[in-house]
Structure formats: C-alpha cells, structure tokens
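> Here it is, the structure, as structure tokens.
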Amino acid sequence: MRRFSFRDTPPEGTMAQDNPPKKNNWSWRSQAFRGLIYQVIAITVIAGVVWFLAHNTLTNMRVRGIQSGFDFLGQAAGFDIGESLFPFDSGESYWRAFWVGVTNTLRVAVLGIVLATVLGTLLGVGRFSRNALVRGLCLSYVEFFRNIPVLLQLLMWYVIMTEVLPMSSEAWQIGHFFLSKGGVNYPIPVWQTGQLWAAYGLLPGLLLGWLYRRWAVARFEATGQPRSMVVLPLLIVLLASLAGWALGGAPTEFNFPKRGEFAIENGGALTPEFMAVLLGLTLYTASFIAEVVRGGIASVARGQSEAASALGLNKAQEMRLVMLPQALRVIIPPLTNQYLNLTKNSSLAVAIGYPDVVSIANTALNQTGRAVECIAIVMLVYLTTSLGTALLMNWYNSRSAIKER
Amino acid sequence: MRLTPLKTLAVVAAGLSTLAALPAHAGKTLDGIKARGQVVCGVNTGLAGFGAADSNGKWTGLDVDICRAVAAATLGDAEKVKYVPLNAQQRFTALQSGEVDVLSRNTTFTLTRDASLGLNATAVTYYDGQGFMVPVKSKIKSAKQLKGQTVCVQSGTTTEKNLTDYSKANKLNIKPVVFEKLEAAENAYFTGRCISYTTDASGLASTRNKVAKDPKDHVILPELISKEPLGPMVRRGDDEWFAIVKWTIYGLLEAEEYGITQANVDKLKAESADPVVKRILGVSEDTGKLLGLSKDWMANAIKATGNYGEIFDRNVGPKSPLGLPRGVNNQWNKGGLMYAYPVR
C-alpha cells in the first residue's frame, strides 16, 4: 500500500525519521504530485458545480420575488394533523408539525422492519421445509408480493379496508374491540400510579432472569443437561412485573371504546391509513427478506447440516443452532438494504392519506411556498434515518462476522 | 488536441461561466407566446365545470374558457392553447419556473400567495367559499354537527387551514385525513372513510355531479366557512402580461354588462352606436395598442368564448350539469360582486 505523500516514498524497510526530509518534488514527473493535482481539480469542479447550483437557485428566486429561508419553521403551522403519537395543536410551530411527521414515519418504519423481519425469516426458512405444501406456499407468497409494485399494494390494502369494512356506525364488534372503516378501536388502560409499580417490578425481574439464564448456560456447558434458556427467564421477568403491578394496587381500569352517534368514541385507535401502510410495507418487504434469508441459509455448506444431524440435533435445533448463525453473516448486508428500502418506501404513504413526513412537508410547502426548504428537510430526514439504520446494522454485522485470526 | 488536466479544468470552467451568464429570466411572456404561437395554460387535472378534459381530449370549463379568451385576445385564435394539467402542489412551481404562462386552476387569491411566491393575482373569475358535503343518510344538517368526525381533504390547498380554523373556532376537534390527489380524497369520501368531504362549494358541486353514483345521495351543508376568490395567477416581473390577463377578464365582464354576446359581437362591431361598446370592440379607440395587442383583441375574445355570463352559464350555471346559482358571481348592478374596471 502506498501512502500519499509529497515526497517520493522511501524504499521499503527504511524508517522515515532516519532519513533527512527530502526536498518536495514539485514536478509532473512525480506521481504523488500529479495525484494531488487531480484531486484538487476534482474537488474544485465538484465545489464549483454545487456553488453554481445553489447560487443560481437563490439568484433566480430573488429575481422572481420568491421568499426563501428556514425562518418559517418557527411560525404557527395552522393546520391539524389526523394522527400523531403525541398531542399536536394547529397553533404549534412548523417544527413541531414536521416532528409529528417524522415520528409517524419512524412509527411505520420501525414496526414494519420488526414485522417484516419475523415474517421474512419464517418464509425464508419455510423454503427448506420437507413439507411440499409449506415450500410451495412460501414460494408463491414471495413471487406474488415481490412482483407487484409496492404503491399498488398500498392502494390495494387501503381500498380493501375502506370498501369491505362496515361504516363506523355499523362497526363489527368483538368484545371491546371494534373494526370499521374508521379503523380498529381498542380499550386502553387508564393511566394510574399503580402501573408505575409494574415498571418497578420489571427491573428486578430483568436482573433475576439474566442471572438465571447465566446459571443455566453455565450448567448446560458443564453438564450437558439442557435447561430452559428462553421460556423460563421470560417467565421470571413477566412474573416480577406482575408482582409489581399487584403491589401497586392492581389497577384494572380501562378506557373502553363505545359507539357514538357517527363514529366509535374513546379508547385507542389505529387508522386504516396506518394499517394499510404497515401491512403493505411489511408484506412487500417480507418477500424480499425471505429471499435474503433463503440465500443465506443456502450458502452454508451442506456438511454443516449433516454434521448437525450426526450430533443428534433435531431439525429445529439444527436450523437455530447451526445453520442460522452461520447464515447470518451472509444475510445481514442485504438485509440492511431491505430495511433502508422499507423506510424510504414509507414515503409512498402520502398516496393513501397517512400523515408521514412527506405529507406534512407537502402541506407546509403549500402553506408557505418554501419548496426548496421543505424538500431539503425531507431529504435530510430520510438521509439521517437511513444512515442511522446502516450504522446500526454495520455494527451488528461486524459483531456477527467470522472472526479470522 | 490532447486534454491535459489544466485544459480540462479551463474547459469546464468556461462551460460553467456560460451557464451562469444565462439570464435568470425568460424574457417577456408575450414575446415568448407570439414566437411559440401558443399560450401555455396550467389547469386542473379534472374538475368538471372548471377545468376537465372530455373523452376526446377536449378541455372545457370556466377556467379553460379564460385561457381560450386570453389566447384569442393575444393570438387571435382561441384554439392556440396548450393545457398543462397540474395538481394542487405542482401548480405554483410550474408557474414560477415558467412552465406555464398563466395558472387558471380554481386558485384562491391569498396574501401569502400574492406576496411571497413570486406570483401576481390577476382578477377574480369566481367568488367561492369552502363548504362540506355529507351523505344524506348521515342525517347531518349542519357543519356544527361534525364534532370529532373525520373529514377528507386534499393537500396543498387553502382548505386544510380553513378546516382547522373552523374546527378550532367552534371547538369541533375535526380529524382531517389528507390526500395528495383530488381523486384519492374523493374516493376516500365516497367509500365512507370520512363522514364528510370539504373543499370549495363549487368543487363540491362538481364532485357530487361527476363522481357520485347518485348525486341525490349527497348534500352540501349550508355553512360556507371561508372566502375563496378564485382566479388566474401570473408570474411576477412581467407587468405587460399581467395587464393582458387582467384586462381580458375585465373585458369579458364588461361585455356582459353592455350586452355584447358571442352571437351579436360581429353585428355590434359593425352597427353599434354605443361609445362604450365601440370602445370595447376596438371600433373607435385602439385599447389593444396600450396592451401590446391588436385593435380587435376583445372582439376576438368574445367571439371565441362569449361574455362572462355566457361562460358561467355554459360551464357551471343553473342549466349546466353542475347547476350552480349565479349568486355573488352576478354583475354588481344585479346584486353580485362582479365589478369590472372600465375598459377605456
């Protein structure tokens, strides 16, 4: 490897500080010098183009009397947003409105990634099933969902939900759950201090569960006796938080949805827009993840599977303990791509009325006329989200990669 | 010639400076139109009565007729219009960037749009107000009954803000469901996702008439919650073109006032003794010259589209499919708000 330097590189094996500094070789003959010139030119051209575009845009806008700048972000937004994770009032600033949009985007993206990963992994593993029906179903699923444009799928789910489901006034009722064109309405617990005790119980529960699991793993490795390493620790955590909840007075008060004059009132609600976006993105991306998982498993040498059988592992253990861990290092990089795609595809939600960041930016753009600024904000949001996801996945990748010594 | 890096840089720099030297402005709009032989007009993607293409690709509507009148006044031929269908979000960018010469797309004049978008509002062609449409079977009789309800609305319009203001002022807590496309918002209402659909009352009438399975199943509530003066907008910085569009509209209005119609325009041009009529039709004074147009600019426009009253009746009036009453859009001397500056 050559390191970049003004000077001609010293011969192999000599230490730089042993030699007196050589005179800089400012000549076309020096490869290092030419290299530097090329880089200066490249950077100048790029900077020039960027400057030209920015300057020209600003000049044109000024000439045409179009106001620009980000000062509008502090002004009152003046429009309502259909759904948000926290209360939003139209009197609050554009900043806040954008933040609602960002959280709505993240809400769909994070949930979508989790669900698509679970579903995709199951489908991918299903492709190796010994049952022909399961194999065929998984194959048909993948081929169906990955070959239809995702926008069409979103519209399809949305139309199904708004056409097939009954009006809010005639909502289907199952217990305290309602299903209608207005979405799903469900009971939510009324917040009381007693519920805080459940969180207090959770902490010692987590500690106990972790200690038990450590002990179980150590026992297993020492004696070979299999012990419950997943179910029992989870049970410990659950019991501990239940105990905390009971100590706090076991509050059971719920806010139940009920039929109003035109719509279902009270309780929590998932809108059909949110459900259609989540469903569409999950099912679409799962088909790609299934292929990624299948490819990863197929890349593990056949001998590994045979060796696992020889050790007496059953099919499930073989997949969980031998195949998947080895497949993971092949799976993670393309999986990251799918996560990024899902996040970016969530911008299509605007087509079916889900108030994601693009939808909010559209409205803000039209209220204020600051097109360049609003588009820049949207780009920045997706760039940040995507880079963050990639960073996290790269870190996980480096952890799960084979350590070669 | 062998390109050394330095020469390459020089060439690139020269290229860049040429680009930078390009004028930021496209020059006079009218010159461009004459050279092109066409007025490029931004219209709605499909709002029956205002701007919509029929199955043969022929554009009709009140906004479209304004474009035709402008083309007739400037080029002497109402057919020389290129229609660019624009959705609510694209429209201002399209006008700012010079993609269209005039935006005639049921656009509300507001301070923000007039003062900060680099655009100019010409003259009002339709006084409107925002209303609500609900299904008859919902038995809702007043917008005040929409408490806590979902209302479908198209994004990129003044509508969203009006809805919020109204909801706040009356403590209604209305939940908007915002769609990018007009068709999507309409569809969401008709499938029952929202109890109500809101936009300008004229738009509601158009949607009810064109999209609803049976228009009688839907009712427009009596409350109008905003003022929506609609009309064409042009780019800033070209006062001559601004004046041409504005005065074409005033000319159409004044033609109605003085009884000049599509049918009698030729006859009046030849025979009329009324000095105002003679002036409008360019028989006595040459008003066209002041605008940079031909002497018979207004006669051409009226011949092509008829006066404002005829345009209104043909596209949206009581006898058209939309069946909108003339109401505030009547002439000032008949109890309406239409009061044209005098063409003289």
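The values are calculated or read from the model by the stated rules, or taken from the named source; none is laboratory data. Model, not experiment: these values are computed from the prediction. FYI the Cβ positions are ideal-geometry reconstructions off the backbone, even for glycines, and counts take in every protein chain you see.
> Can you list the helices (runs of 4 or more DSSP H) found entirely within region A:291-405 that contain at least 2 residues being more than 14 Å from chain B (Cβ to nearest Cβ)?
Ranges flagged: A:302-310, A:324-345, A:371-400.
> Kindly indicate whether any position in region A:186-193 is in the same structural domain as A:GLU291 (by TED's automatic domain parsing), of a type in the set (Ser, Thr, Tyr) and modelled with pLDDT of 85 or more.
For region A:186-193, residues in the same structural domain as A:GLU291 (by TED's automatic domain parsing), of a type in the set (Ser, Thr, Tyr) and modelled with pLDDT of 85 or more: absent.
This table checks each residue for (1) in contact (Cβ under 8 Å) with a residue 60 or more places away in the chain; (2) within 30 Å of A:GLY183 (Cα to Cα); (3) more than 9 Å from chain B (Cβ to nearest Cβ); (4) assigned to a helix (DSSP H, G or I).
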| residue | (1), (2), (3), (4) |
| --- | --- |
| A:THR57 | yes, no, yes, yes |
| A:ASP80 | no, yes, no, no |
| A:TRP99 | no, yes, yes, yes |
| A:VAL108 | yes, yes, yes, yes |
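> Looking at B:VAL100, is it closer than 27 Å to B:ALA304 by Cα and either at pLDDT below 95 or surrounded by 23 or more Cβ atoms within 10 Å (Cβ to Cβ) (or both)?
So B:VAL100 fits the description; yes.
> Select from region B:316-344 the residues that are touching a strand residue (DSSP E or B) at 6+ places or on another chain (Cβ under 7 Å) and surrounded by fewer than 22 Cβ atoms within 10 Å (Cβ to Cβ) and write down the one among them that is farthest from B:GLY46 (Cα to Cα).
For region B:316-344, the residue satisfying everything is B:TRP332.
> Working only within region A:62-74, note down all residues that are surrounded by 13 or more Cβ atoms within 10 Å (Cβ to Cβ) and within 22 Å of B:THR164 (Cβ to Cβ).
A:PHE72, A:LEU73 - these are the residues of region A:62-74 that are surrounded by 13 or more Cβ atoms within 10 Å (Cβ to Cβ) and within 22 Å of B:THR164 (Cβ to Cβ).
> Next question, about the same structure. Do any residues in region A:196-220 that are at negative phi have Cβ atoms under 7 Å from those of residues that are among the aromatic types (Phe, Trp, Tyr), where the two are at least six apart or on different chains, and which pairs are they?
A:TRP197/A:TRP245; A:ALA198/A:TRP245; A:GLY201/A:TRP245
> Would you mind telling me which numbered condition in (1) touching a strand residue (DSSP E or B) at 6+ places or on another chain (Cβ under 9 Å); (2) in contact (Cβ under 8 Å) with a residue 60 or more places away in the chain; (3) of a type in the set (D, E, K, R) A:ARG146 fails?
The one condition A:ARG146 does not meet is (1).
> For region B:151-173, give me each residue that is more than 20 Å from B:THR112 (Cβ to Cβ) and at the interface with another protein chain (Cβ under 7 Å from one of its Cβ atoms).
Of everything in region B:151-173, just one residue is more than 20 Å from B:THR112 (Cβ to Cβ) and at the interface with another protein chain (Cβ under 7 Å from one of its Cβ atoms), namely B:SER167.
> Select, from B:ASN300, B:ASN307, the only residue that is touching an Asp or Glu at 6+ places or on another chain (Cβ under 6 Å) and either without any contact (Cβ under 8 Å) to a residue 24 or more places away in the chain or assigned by TED's automatic domain parsing to the domain that holds B:LYS80 (or both).
Residue meeting the stated conditions: B:ASN307.
> So, in region B:186-215, how many residues would count as being in a helix (DSSP H, G or I), within 14 Å of chain A (Cβ to nearest Cβ) and not aromatic (Phe, Trp, Tyr)?
Residues flagged as in a helix (DSSP H, G or I), within 14 Å of chain A (Cβ to nearest Cβ) and not aromatic (Phe, Trp, Tyr) within region B:186-215 amount to 3.
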